[in-house]
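A short reminder: the numbers here are calculations on the coordinates, not readings from a lab. Here the structure is a predicted model, which means the values were calculated and not measured. So basically every Cβ, Gly included, is an ideal-geometry build from the backbone, and we count neighbours across all protein chains shown.
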Amino acid sequence: VAALGRTSARFVFSSSGSASDTASPPDTTGASVCFVSLKSSVELCMLCLFITCCSGNSSEMPETITSRDAARFPIVASCTLLGLYLFFKIFSQEYINLLLSMYFFVLGILALSHTISPMMNRFFPANFPNKQYQLLFTQGSGESKEEIVNYEFDTKDLVCLALSSVVGVWYLLRKHWIANNLFGLAFSLNGVELLHLNNVSTGCILLGGLFIYDVFWVFGTNVMVTVAKSFEAPIKLVFPQDLLEKGLDADNFAMLGLGDIVIPGIFIALLLRFDISLKKNTHTYFYTSFVAYIFGLGLTIFIMHIFKHAQPALLYLVPACIGFPLLVALAKGEVTEMFR
């Protein structure tokens, strides 16, 4: 799932009127509207990243990414990207997107339900009839019986699932940008919460590998662009640039791939845990990396409008997110502790 999201999202900040991640030159006549949209996009990304990093720090059962996993990830993502490219070349784009829409429909409902469940619990009255349920699938019998699925939930979870299903149907039928963003934010929150890096060295390997991956597939071939244009799924956040003109029916969007939130997010969450491990009651490295993310994203937008073309955001985010904290560590003499 992570590799599919990484390859298909195209991790590009772009300004476009289509559902793809390839940019068309911005409309200079609507510069003020465009500025409002980009300002909102940066603010939403900052908020989303801050929440994902903090929530990622509290996950009970995270999936830990080792240095070996980090080194293999760009290779797996490249194979997935090339596979998608061949699929779109051989088979009908319509049927592939239908299959992917159903896949992300189910995945999005589950992710959104898991995300809103803690918030929704505050709105249920104290006398709400909350019953407990258990979904259990086993294989075999007697002593050889083993659990395949053992999931416990309650009535409140079912209510959240029903609300998320409404959003899912809305997205499936209309592909509306609000439904797309709700699913996208849910994927981002769950991604950072479920994925943890085991140390800073692993984070540098992962970010460095994906940096090379982005540069190669974006500037070296047309594979990434072709897949991005063909792929329709809620794996990017979209920001309407004509919201003031068309309201909720806006159709001219700036876009940011979820990988530009999740990949830096798990690294920034790691630095938050590093701050806590130092036991100095400060979050120096977390805030430094957070500022670095804002700087990298802002630089991406600036370059995009200078060259009037979509930009792979990791090209600017990776050096910033690694370089800024490293400079702070050098200044404080804590490089050894950081890479221990």
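With r as the distance between the Cβ atoms of His176 and Thr155 and R0 = 41 Å, compute the FRET efficiency 1/(1 + (r/R0)^6) and round to 0.05.
0.90
What ratio of Cα Rg to 2.2 N^0.38 Å holds for region 192-323?
In units of the 2.2 N^0.38 Å rule of thumb, it is 1.18.
What is the set of long-range amide H partners of Gln241 at a cut-off below 5 Å, with H atoms built 1.01 Å from backbone N?
Distant-sequence amide H within range of Gln241: Asn252, Phe253, Ala254.
Taking the convex hull of the alpha carbon atoms in region 128-208, what volume per residue do you get, in Å³?
Convex hull volume per residue, Cα atoms: 212 Å³.
Stretched out fully, how many nm does the piece from Gln139 to Leu98 gain, at 0.36 nm a residue minus the Cα gap?
Full-extension gain reported as 11.5 nm.
Evaluate E = 1/(1 + (r/R0)^6) for Leu330 and Met120, where r is the Cβ-Cβ distance and R0 equals 45 Å; express this FRET efficiency to the nearest 0.05.
0.50
Given labels modelled 7 Å from the Cα in the Cβ direction, how far is it in nm from Ser277 to Val106?
Going by the 7 Å Cα→Cβ label model, 3.8 nm.
Between Cys79 and Ala162, what is 0.36 nm times their sequence separation minus the Cα-Cα distance? Round to one decimal in nm.
26.3 nm
Per residue, what volume in Å³ does the convex hull of the Cα atoms of region 232-291 enclose?
Roughly 109 Å³ of hull volume per residue.
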